[in-house]
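First comes the structure, then the notes that go with it.
The values are calculated or read from the model by the stated rules, or taken from the named source; none is laboratory data. Remember, it's a predicted structure, so these values are computed and weren't measured experimentally. Quick reminder, even Gly has a Cβ in these numbers, built from the backbone with ideal geometry, and neighbours come from all protein chains shown. The area values use the complete protein model at the heavy-atom level, side chains included, leaving out ligands, DNA and RNA. Shrake-Rupley method; radii C 1.70, N 1.55, O 1.52, S 1.80 Å.
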Amino acid sequence: MTDSWFEFEKPDRPGLLAGMFLLGVLGVDANGQALAEASDRVRVQAVVADDFERPVDGAAVIDRAEVEAVVGTDGIVSLDAPIDGGTESVQLTAVRTGRGGNHSGQLEVERLNGEQSQDEGRITIANDEGCDLQWLPGFGGTQGPDGHVSALAVFDDGNGPALYAAGSFQHASGVPVNRIARFDGDGWTPIGGTDGTVSSLQVFDDGSGDGPALYVGGKFSTVGSANATNIARWDGKDWSDLDGGVEGGSAVQSAQVVAMTVFDDGTGSDLYVGGIFESAGEQTVNQVARWDGNAWSALGVGLNGGTNPFVSDFQVFDDGSGNDAILYVGGSFQSAGGVDADNIARWNGSAWSALTSELNGAVRSMTTFDLGAGEALYATGPFTQAGSQTVNGIARWDGATWSALGSGIDYEEGTAQGRELQVFDDGSGPALYVGGEFDSAGGVASDRVAKWDGVSWSGLDGGVSDGSYQIVSAMLPYDDGSGHGERLYVGGSFGQAGNAIAENLAIWDDASWWVPGQGFNHVVFDISVLDDGSGPALYSGGNFAFAGGIAANRVARWDGSYWQALGEGMDGTVIAFEVFDDGNGPALYAGGIFSEADGETVNAIAKWNGQQWTSLGDGVGDPYGFGLGVHALQVFDDGDGPQLYAAGRFGQAGEIYANNIASWDGSEWHPVGTGVVFDANPEHVFVEALEVFDDGSGEGPALYVAGQFSTAGGDDASHIARWDGSSWSEVGAGLSRAARSLKVVDDAFGEGPSLFVGGNFTSAGPTPANAVARWDGSAWASLGSGIEDDSQPLPGVFGLEWFDDGTGPALYAAGDFDIAGGEVANRIARWDGAGWTPLGSGMSGGSIFQRVDSLAVFPGDSGENDTLFAAGDFYATGGISASYLGQWGCLVLPDAMFRDRFESM
């Protein structure tokens, strides 16, 4: 807390911070005790300001006597302070919520001089305990685990039900998790991790009084900080082992837990564990064992036969044999408890038995399901015969005989096998879903996942694909709290679900694939805060198909609470946005590398009128074959009225030739002189950024154009040029390499109007400048030692933004770098006019580019709590799951002592 005394003076910068304040006035006697009542009052006047001496205004003010006052627009507050003859002092306390949390300051009036009023200086407010600027949650990762997902389970660790995923992955949405992670509907969190693969998850209450716990099985020796051999227990806080776990593998594989279930054989519920192992605790068990919460026990002599016997699944099923529910055990074995049993057997709590007819291949998964003819057991695996029936990878057991499900599943590249079975109701009634290794079901194309409704097979919108080993091995219905109800979570090894990029985990509803989380499922190239007439919103463009869980083809709008799709979106990448009024009212324009918007041909640029996308004439084209795209948009008035400028890499706009830049007046396209050209490599020319800047020369604003080019209007202009509405000119001696971003600041650090430029250059004019520089209208200047990267020779700055995080305005630079001003700064850093500082641990992960492409400031309420958004190709910000979009700022936590009062005012 900061206490400052000033001789009273009216501040010269009123109203820069607005917020809610509580100004308490308390009289105290000579012993420091509060005065209950006052016999008289004196008017005390002060200024409420922040620690930059900026006054605050519009604040509600109240004292203990319920006397209300208001801080004026100049920051001045006047309050009648209670006094009596014993009053020695009055303490004034100002508290606010706003930019970055709770702030307070005090001013003690140590003398009451008998005057009717007195000026008492300034109450300076500062962070109560410091505002820890940080990367904020809110756009949890949509990119899933970075490796195979083997198991899914829902478990409540005391913080509400959440989805747990396990397998061989190391990260989930960029967050280190080590093979097991918790997903709460928004993002991923680690729970300790294991040193080896996890294959099975099961929730079980062992009756100890501690409630249900999550049991984890696989091939590992440690979990969290605990030693545990292939099986462990997670109670929501701590890990523990199970009396030595399970050990002793087969001739070809080491010990591993593959399956778990809970079964009551009439003596109480126990945890049954199966896999590849000889012993559990000190018991010889052979592939299957029972855990009662305290000790292990065997199921007869277990399961044996073959070179690599194993158990892969359990299922409790009442087969009508009169023994109530029986535990069915599936896997690869030839005997159960000494009884001949090929790949499937029954355990009734005391003895093993075989089915009357068996399977000619291993069982991978089982479930029970009633399709109207009574409950039956369904099994899947790499088998083709069930008894005398041809079944092709999946079969139904009614307690007496096997039957096929149509023509089953098939795989052109090898043996089809199901790996997982699950019953799910997508709104059309319950159905059986199978996942595994196959490409058709019942003759219908069904990549790795299919649906059986009791009569016929159907695919799931293209299924899952992409990846080195494409397989579905886990499925689970789960309501993630997103408002979509229960949906089917599908895990395995894949990179795409339908048309959505989905790393090893995806969600299926009644008609389409989704990706988990609040963020994006692919790279975001541009974010812009614009007001199209309906209020400020954050627009995002890129390669994504989903934003915040909704289908949004490469373009989406964030209103501060929700994501919205813009029509049917685009068929290609969106890179740039701008708002332009063509005479019919303001509208949003988008540019990029796409041919269609809302299914209509638009050619790289389109207009959104709030209802639909429309074209700008014939859009832009490329008669030279060098590529196609609009990378930057900007409104500029060249003296003949505002026009929308579009730039990128193209050779034609409408019917005119235009070298990589053109203007649109609302009805037709115009050339911008002879445009810009890259003489050395014409096919590598591009424009990446446009900004309007008045350099103070007296010539008025001009359009600055940045990218990779060597001439503008036929004259030398190295990667940056100036267009005044009629002619081109160079900017200083230009840049040594490509420019990627521009930012205009009216008064940067008291040095007047400035144009900041970011890119891949190492010098600006004659001035050494690593990737970022400042142009003041006449000369270039560097920003300290600039940007570097230890891992590459050409780091780049792709995004620039001016932002006040509560500690004063500064320039933020982002791109692909790891050092700023000699300090470690992963892809983003802050320049305060004197030096560089990192933003926490910055960004990590990413799919292709692994960089930040764009920055934008999103306004908070009443001008408070602005947030810096960063977009690009990354999976996490500051260790927080944030696929492709992150937020930097402070959480606002209103102080309890005044929150309730102001909520009722």
* How much area per residue is accessible in the range 378-464 when the probe is 1.4 Å and only protein heavy atoms are counted (Å²)? -> 37
* To do: Would you please calculate the Kirkwood hydrodynamic radius of the range 493-560 over all C-alpha pairs and express it in Å, rounded to one decimal?
  => 12.6
* Asked: Can you give the relative contact order of the range 524-890 as a percent, counting alpha carbon pairs under 8 Å and 6+ residues apart?
  -> 9
* Structure fact -> In nm, the gap between the two label points placed 7 Å beyond Cα toward Cβ at residue 351 and residue 308 is 3.4
* What are the chymotrypsin sites (Phe, Trp or Tyr not before Pro) within the range 450-481 that DSSP puts in a loop, where the Cβ has at most 10 other Cβ atoms within 10 Å? -> 469
* Roughly how many whole Å is it from the C-alpha centroid of the range 237-252 to that of the range 594-619? -> 60
* Asked: Counting only the heavy atoms of the protein chains, how much of residue 451 is accessible to a 1.4 Å probe, in Å² to the nearest 10?
  -> 30
* Asked: What's the extension gain from residue 486 to residue 562 if we count 0.36 nm per residue and subtract their Cα-Cα distance?
  -> 25.3 nm
* Provide the net charge surrounding residue 364, with neighbours chosen by a C-beta distance below 13 Å and charges set as Lys +1, Arg +1, Asp -1, Glu -1. => -2
* Relative contact order of the range 406-494, pairs being alpha-carbon contacts under 8 Å that are 6 or more residues apart, as % -> 23
* the range 521-606: chymotrypsin sites (Phe, Trp or Tyr not before Pro) in DSSP loop, at most 14 other beta carbons within 10 Å -> 562
* Asked: Amide H of residue 688: which non-local residues (sequence gap of 5 or more, or other chain) have their own amide H closer than 5 Å, using H built in the peptide plane?
  -> 706, 707, 708
* Measuring from label point to label point, each 7 Å out along Cα→Cβ, what is the residue 413 to residue 697 span in nm? -> 6.0
* Asked: Which one of 415, 505, 481 has its Cα pushed farthest toward the positive end of the charge dipole of the range 367-516, where Lys and Arg give +1 and Asp and Glu give -1 at the Cβ?
  -> 415
* Asked: Long-range amide H contacts for residue 798: which residues qualify at under 5 Å (H placed 1.01 Å from N, peptide plane, sequence gap of 5 or more or a different chain)?
  -> 814, 815, 816
* Go through 272-279, 851-858, 654-661, 697-704 and give me the packing order, highest mean Cβ count within 10 Å leading. => 272-279, 851-858, 654-661, 697-704
* Structure fact -> Under 5 Å from the placed amide H of residue 206, counting only residues 5+ away or on other chains, we find 213
* **residue 649 - accessible surface, heavy atoms, 1.4 Å probe, Å² rounded to 10** => 70
* Structure fact -> Whole-Å distance linking the alpha carbon centroid of the range 408-437 with that of the range 520-564 is 35
* Working out 0.36 nm times the residue gap between residue 254 and residue 456, then minus their Cα-Cα distance, what length gain in nm do you get to one decimal? -> 68.7 nm
* Asked: Between residue 388 and residue 323, 0.36 nm times their residue separation minus their Cα-Cα distance comes to what?
  -> 20.8 nm
* Asked: Local charge sum around residue 244 (other residues, Cβ-Cβ under 14 Å, Lys/Arg +1, Asp/Glu -1)?
  -> -4
* Net charge of Cβ neighbours under 14 Å - reference residue 447; Lys, Arg +1; Asp, Glu -1 -> -4
* Check each of the GluC sites (Glu not before Pro) in the range 333-438 and keep only those in coil by DSSP with at most 11 other C-beta atoms within 10 angstrom; list them in order. => 412, 413
* Within the range 760-784, which residues have the backbone N less than 19 Å from the label spot 7 Å out from residue 733 along Cα→beta-carbon, could you tell me? => 760-783
* To do: Can you tell me the FRET efficiency between residue 465 and residue 264 if r is taken as the Cβ-Cβ distance and R0 is 41 Å, rounded to the nearest 0.05?
  => 0.50
* **Mean separation of Cα contacts under 8 Å (6+ apart) over length of the range 367-516, as relative contact order %** => 14
* Dipole magnitude of the range 524-890 about its Cα centre (Cβ charges: Lys, Arg +1; Asp, Glu -1), debye to nearest 20 -> 940
